Amino acid sequence: MTWQGVMLLAPVIFPALGGIMIGIFRNSCQKVRNSIALVSSTLALLSAASVFVLWLNGAVLSHTYLGLLGQGLSFASTGLGSGIALIAAFVWLLAVVFAVAYMEHEHSPSRFFAFLLISQAGCLGVFLSGDYFTLFLFFEVMTFAAYPLIIHNEDRSAMSAGNLYLYLSVAGGLVLLFGIIALVWMSGTAQIVPVLEKFVQNPVLLYWVAGTFIVGFGVKAGLVPLHVWLPQAHPVAPSPASALLSGIMIKTGAYGIMRFLTVTLTSGAGAEAVAPIVKIPQTIGLVLAVVAIITMLAGAVMALMQTSMKKILAYSSVSQMGYIILPLGLAVYLGKGLGGLAYVGSVFHLFNHAIFKSGLFMMFGAVYLLTHTLDFEKLGGMRKILPFTAAVALIGSLAVLGMPGFSGFASKTLIHDALLEGAHETHQLWIEIAEKMFVLGSALTAAYFIKLYSRVFLGQFKGKHTPSGREHVLVRGVTGIYAAAILVVGAFPYWFTKFIGRVSAEGVPWLEYHLMEHLDHIHFWDVHAYWGVIMPALLGIGIFFLTERFHYEDWKPPVWLSVEYLVYRPISQGFLYICSRYVCGIEGGIADVYETSSTVSGSLIRRVRRIDSMIDDGYDQGSQVSTQLIKRVRQIDDMIDDGYDQGGQVSDGLIRRVRKIDDMISDGYEQGQDASSQLIDRARRASGEEGSDDRQNGSAAVDIARAMKEVEDLFEKDQEPSSFSSRRLIRKIRNGKAVLPEAEEPLPEEVTLHSPVPDRSDQLVQARDENRDQAEQGESEKARPAMDQTWCPQNITLGSLILAVVLMVILFILYFFGGAAL
Amino acid sequence: MDRFLNPMALAVFLPLLLAVAIYILEQRSWRIRNGLAVASAGISFILLATYLGDVRSGAVIVLELPNVLPPLGLSFRLDYLSMLGGLVVTGVWFLVSVYATEYMIKEHAKKRFYPFLVLTLAGAVGVMLSADLFTFFLFFELMSLSAYVLVVHEESPEAMRAGYKYLIMTIIGGLALFFSIIAVYEMSGSVAFVPGGYLTQGGLLANLAFIGFLVGFGIKAGIVPFHVWLPEAHPVAPSPASALLSGVMLKTGVIGLIRVTHQVFTIDLVRNSNWNTVMLVFASVTIVLGSAVAITEDDIKRRLAYSSIGQMGYILLGIGLLQERAMVGAIFHIFAHAVMKSALFLTAGAVIYRKGKRSVKDWGGIGREMFPTMVVFTIAALSMIGIPPLIGFVSKWELSLGALDNRGYAFVGLLLLSSLMNFVYYFPIIQNAFFGNRKHGEKALNIEAAPAMLVPMIVLACFIVFTALVPGNFALDLARKAAAQLFLYK
């Protein structure tokens, strides 16, 4: 941050800090608040003055705060900008001083002072900014900070005026933003430098940019038909705020248009580069001049119709903005040479208007402070009560009329000369008409100021109680300073004209050409110049008396004639209608689509549910069928069981028979044994009787015994298969379980059956169950070979077959109806 | 294990763990619960902020966790975009959590609210930081589903209805996303976010995938006509939750859209398939409709919700323009809108908390009773309108220049028209609050919000005012770098 940046930022920072401090200490006492306001605006004035003095001494300050807001905020001191900034800071200080007196009996003074200072920061920022980006920033800050000033009274008219002001200003700001964005995009820079040559490729966009700039700044400047907020907003604000609104803030609009037309819309690369589009700025200048003439006349006509002090002053501001913009348009139209005269006249009038209009608002504010009314019906004769104010107000009024010796004289003469010379040199009809309109406008101005002054200060007081008292000392001081300034400027027209020529020419390359020579040819103290302002004034007196005679002010124009009624209300209401009707309709339509789709999907879901229940029913029926099947299978199972039981009984009988045979065989054995033992006994007896023959007999007996043994062996051999097979049969029946623990053991002589028949059938059932389990596990294939090894097909083919069938059936059932059945 | 112990992984997973911890510990003491809820966002914010310097100097920090949820695995990445997104999410969440500790005192079922608040945070952080579609989807669903609990918190019939709508729409969006992710995987065999994108072939499947993404992300972001849940769900939720829904969670949708259009599909494919035109149409409709309907809404929270819809249109416009400058605006607006809209919802919540007034017509004189609160509201509203030097202006500026880069003069007009509409629906509230009169018979009370509610709002207001006014504007810097990175492979 260099010293340049600090210097440039100081006029912005001081009031901003002051405003924030007042906001913070808003509940502190009056003195603290007033001193903060006075100190910060004094500091702002000093720093603005130092910037301007530095510029005069050739030190052109510029600084860019990089990185702020992404683009970098750029400040620069130009002659025009820092000059207006100085005037603005000066007026602001006076307004703050005036407000100290004015706000003594008002509510919310802290809010008023805080926003007064913040709007000062914004306003000075506009004049000191180096590019449109920064300018727009401060422009918007000022716009919003001025809102609480306008609605300070918070009554109905103030709120509606504030609404109109803010809606229009925001809309205008957005339009301006479009222009700035388009300009930045097209030219690549936001700097206020000549960039016309960048638009050669895209002249359509140039019209757009110019249109948006003029509309955006025009709202603030109060150009007809964008002025509607101004006559409503300026009067409702407290007088110091009205003074600033009319005196300074509307100049930001004029300043913006001025910079745009005289700098941005010029070629930075020589006249050849812009040859194809050189006519466009001229056209824009012509259009602007026409708009300015309309503004000038419409404002004056409306002012003449008013019956309120501040309304007249506000409409007068509209009209005076026409005076500022008309020569500007003319300057752009004429270009080099003659254009310079018009341009200087425009700038000069801007300065003058800043002084005298803010002064007039405060002077008539002094009247309001005493009488608390703005209405002519309740005023009159104030020159007796407030002679000082009557004097300074006269000076101010004469300045507006441009009487010689007062400040407006020089600027009006310049503008008039420029118009005359322009018409003379170019022979353009419209300039001649413009000159006539200028005179007419001046006459109307004279008429309404005569009306204003005579109604307020002359005649008799019409109110009920004649007010007593005098102006506050601060009010006297402030209005006195204004009067002095007006007189000083009026006294030295040559010097101020040259000075302003020097100030305004900087950065406007085409103006420097011959400008000073032209200015040298101007004669102020000259009969022509006098006649140029006195003739309209005389005309104005005539108009005044005519309007008085025909009660012009009683004629209320029909409401449909007002711009507000014709343009803004249809637009805003149409806009709201579109929003509420169509867009909300679309929104509702979208919601309907969702509702419908959800209903449809709901009914679809219901249908799916029906299908689902049908499937459910199917399953139910299937399960019933399978349950019946299972019941049948169980019956079969029981039958098989019975079969087993019968089989068991049969085998039981068999076993019994076998046992009988066994018993018979063992009986046979016993008998054989008995017989052989008898034979042995006999043989032993024979050997005892016949000794010699004993051995023979003995050997014979041994032979016989051996033979018997052989017979016995033979018997045994014959018996073995049958008893073995019967044992096997028993075991197999027992071992449906396929268990044969003593299969390989040698057969005992006697076979005992431990398990009774019923037990066996139980085991069989058990075995079957186990098999089923195994089948369920899919392992029956493993179990079956083990059984096959031991099963004897001859005896239990039937059993095994039935078993297999059962298993198959069970498997089958399980396979098909598994889930449902179980 | 060390993979889980670096700050980045902690930033993602700590809220997840803390959500569980809060659920367990809240039985003990509400102080621990509130403390943990605030700390979870705060710690995440600090952990992410430790990377700010690295990321700003160009480093891309990657965290791959292929073993978590194989075969795709989780992966996270901190580049410019996710840095900005992560900071916005955690920062706003932290402030809103502080606010919630006061706001929720009056509410029931706090034991349910806080764990889900932190769980939703976990989802949102994960979404911002994820480096592939799978991770994105995972955290996206986590966030969306846990936010349901926040939406239906009041359990009133309207809340349940709105929650149902929200849930249905969320699930539809999730399924659309899922389809698109599958389609991307089918086409390319990858779901990662790769700078410059990798899907170059158009065709039916690609178109379907894009539609899926547009629907999925559009539902979350509140793009018309997928927005219908938004004006229902945002107003019924408790104000801190509304602030997060509008301020933070909507942004996950557009972050996803940015990632998809630049890091899955290539820009050329998007342009050749005219998807940008589709996005522009949706954006225009969204801007106009959101702003226009907001004008007609009387309930403050509904008005703010519709305003959010309009503002999301700005961001979609910035994406659809396919210009670097427009993208700067879109990304910056993600930050700006998060700050502004959460400030607005918090102030609205403070008024509702103190006065119980939801209708803006009843807000007369509140500016005198709750002066700092309404100052914050005013600042945020002016920023939404786009008044310099507040941050809303910066995004509007960048977006407009981007639109002009694309020869979209009409879009600039649209943006400015929307700004005017913003003014039309915010200004009466401000005017009524400061200059309007309270209802007859009501007493003027000094009922300023408690410090725990006021301080977060003021911090947000400071962000709105000073972010653009300090030279090293980190958000704009990150947005610019992120946009440059996205368009590097053009």
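Structural remarks
- Sorted largest first, extent of segment B:334-415 alpha carbons per principal axis (Å): 48, 21, 18
- For the protein assembly as shown, the alpha-carbon radius of gyration amounts to 1.51 times the rule-of-thumb value 2.2 N^0.38 Å expected for a compact globular protein.
- One equal scatterer on each Cα of segment B:2-486, no solvent, Debye formula: the resulting log10 I(q)/I(0) at q = 0.06, 0.08, 0.11 Å⁻¹ is -0.23, -0.42, -0.82.
- Whole-angstrom gap from segment A:326-368 to segment A:218-262, using each part's C-alpha centre: 13 Å
- Pairs of Cα atoms nearer than 8 Å and 6+ residues apart set the relative contact order; for segment B:2-486 it is 15 percent.
- Label separation (A:Ala391 vs A:Ala707): 19.3 nm, computed from points 7 Å beyond Cα along the C-beta direction.
- Separation between Cα centres of segment A:616-633 and segment A:149-208, rounded to whole Å: 84 Å
- For the residue pairs A:Lys311/A:Lys336; A:Lys311/B:Lys341; A:Lys31/A:Lys451; A:Lys311/B:Lys396; B:Lys251/B:Lys357, the alpha carbons lie more than 32 Å apart in A:Lys311/A:Lys336; A:Lys311/B:Lys341; A:Lys31/A:Lys451; A:Lys311/B:Lys396.
- Normalised by 2.2 N^0.38 Å, where N is the number of residues, the alpha-carbon radius of gyration of segment B:160-260 equals 1.18.
- The lysines within cross-link reach of B:Lys165, meaning a Cα-to-Cα straight distance under 17 Å and a gap of 8 or more places when in the same chain, are B:Lys220.
- Cβ-defined net charge surrounding A:Leu386, 12 Å radius [Lys, Arg +1; Asp, Glu -1]: +3
- The coefficient of translational diffusion for segment A:95-180, derived via Stokes-Einstein from the alpha carbon Kirkwood radius under 25 °C and 0.890 mPa s, stands at 178 µm²/s.
- Between B:Arg56 and A:His521, the modelled label-to-label distance comes to 6.1 nm, taking each label 7 Å out from Cα in the direction of the beta carbon.
- Ellipsoid semi-axes in whole angstrom, largest first, where each is sqrt(5λ) of the Cα gyration tensor of segment A:331-419: 35, 12, 9
- Simple rule: put +1 on each Lys or Arg Cβ and -1 on each Asp or Glu Cβ in the protein assembly as shown, find the dipole, and look at A:Leu244, A:Ile611, A:Phe139; the Cα lying farthest toward the positive end is A:Leu244.
- Qualifying trypsin sites (Lys or Arg not before Pro) in segment B:319-422, DSSP loop, other Cβ atoms within 10 Å at most 15: B:Arg407
- DSSP loop trypsin sites (Lys or Arg not before Pro) with at most 15 other Cβ within 10 Å excluded, longest remaining stretch of chain A: A:471-822
- Longest exposed-site-free window of chain A, the sites being GluC sites (Glu not before Pro) in a DSSP loop that have at most 14 other C-beta atoms within 10 Å: A:107-689
- Counted charge near B:Ala21, where neighbours are those whose Cβ lies closer than 12 Å (Asp, Glu -1; Lys, Arg +1): +1
- Bins of 10 Å from zero: percent of alpha-carbon pairs in segment A:1-130: 14, 43, 28, 13, 2
Only the coordinates and a few stated rules stand behind these numbers; no lab work does. Here the structure is a predicted model, which means the values were calculated and not measured. FYI the Cβ positions are ideal-geometry reconstructions off the backbone, even for glycines, and counts take in every protein chain you see.
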